[in-house]
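As structure tokens, the structure follows; a few thoughts come after it.
The values are calculated or read from the model by the stated rules, or taken from the named source; none is laboratory data. Given the structure is predicted, the values throughout are model-derived calculations rather than measurements. Counting neighbours? That spans all protein chains shown, and the Cβs are built from the backbone with ideal geometry, glycine included.
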Amino acid sequence: MQAIVRYFFKLLEVLVVVFMVAMVVMVFGNVVLRYGFNSGISISDEMSRYCFIWLTYVGAMVAMREGGHLGVDSLIKHLGLRGKKVCLFISECLMLMCNGLFFLGTYKMHELQVTSISPVVGISMIWIYGIGYVVGIVMGIINLRVIYRLLAGTITESELLQVVETEGLAYAEKQLQEAKA
């Protein structure tokens, strides 16, 4: 099961790269065509926007799995073990609720998006906004897994802080700790 999850997220990482390359090629190609040859490909404007939408949501799923989303830990890191667990539980429950609302919103807009056709490409808009189903389910599963591990007691203390620090900030904090000692 772990291998399937790993391959799924590797596929998502590949999709992020594919969407980024597609956007660069379409936008750069269109710029060259417009300025160099006084023409352009109208589909590339719309498809690059759709790639950006999918890139954002697919990247958000990958970042959530890796714990790379923004967070503020200035209060949490000063709490005891129980306080960290309570805050993580509340945080994961709130995120799970948001993912549920995201899925429900996509479901409620499904009929409208199926019948709505994109102006240039001519595809059903559910192919663009249907990513809400995938995001709601995948991120919801990630939230449920963290909640399960928290309640089962298998989560480590280092995982209670859900903020990944940048290298520069970690280095600065290390220097500050050394200066205090």
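Here's a check for you: in segment 21-54, which residue that is surrounded by 14 or more Cβ atoms within 10 Å (Cβ to Cβ) and of a type in the set (S, T, N, Q) is nearest to Trp127 (Cα to Cα)? Of everything passing the filter in segment 21-54, Ser48 is nearest to Trp127 (Cα to Cα). Has segment 124-138 got any residue that is small (Gly, Ala, Ser) and at positive phi? No, that holds for no residue.
Results for (1) in contact (Cβ under 8 Å) with a residue 24 or more places away in the chain; (2) part of a helix (DSSP H, G or I), shown as yes or no for each residue.
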{"residue": "Leu12", "(1), (2)": "yes, yes"}
{"residue": "Phe28", "(1), (2)": "no, yes"}
{"residue": "Leu33", "(1), (2)": "no, yes"}
{"residue": "Met64", "(1), (2)": "yes, yes"}
{"residue": "Gly71", "(1), (2)": "yes, no"}
{"residue": "Ser74", "(1), (2)": "no, no"}
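Take Glu178 and decide whether it is modelled with pLDDT under 75 and more than 22 Å from the chain's Cα centre (by Cα). It is true that Glu178 is modelled with pLDDT under 75 and more than 22 Å from the chain's Cα centre (by Cα).
Would you confirm, using the coordinates I've provided, whether Arg34 is outside the structural domain of Leu161 (by TED's automatic domain parsing), closer than 21 Å to Pro119 by Cβ and in contact with a Gly (Cβ under 8 Å, 6 or more places away or on another chain)? Taking the combined requirement at face value, the residue satisfies it.
The residue pairs whose first member lies in segment 147-166 and is outside the structural domain of Gly80 (by TED's automatic domain parsing) and on the phi < 0 side of the Ramachandran plot, whose second member is at pLDDT 90 or above and acidic (Asp, Glu), and whose beta carbons are closer than 6 Å, counting only pairs six or more residues apart or on different chains, do not exist in this structure.
Do we find that Leu101 is modelled with pLDDT under 90 and under 23 Å from the mean Cα position of the chain (by Cα) in this structure? Spelling it out, it is not the case that Leu101 is modelled with pLDDT under 90 and under 23 Å from the mean Cα position of the chain (by Cα).
One residue alone among Leu81, Leu112, Leu96 is surrounded by 12 or more Cβ atoms within 10 Å (Cβ to Cβ) and either of a type outside the set (D, E, K, R) or outside the structural domain of Tyr133 (by TED's automatic domain parsing) (or both), and that residue is Leu96. Going through (1) modelled with pLDDT of 85 or more; (2) more than 22 Å from Arg6 (Cβ to Cβ); (3) surrounded by 11 or more Cβ atoms within 10 Å (Cβ to Cβ) one by one, Glu165 falls short only on (1).
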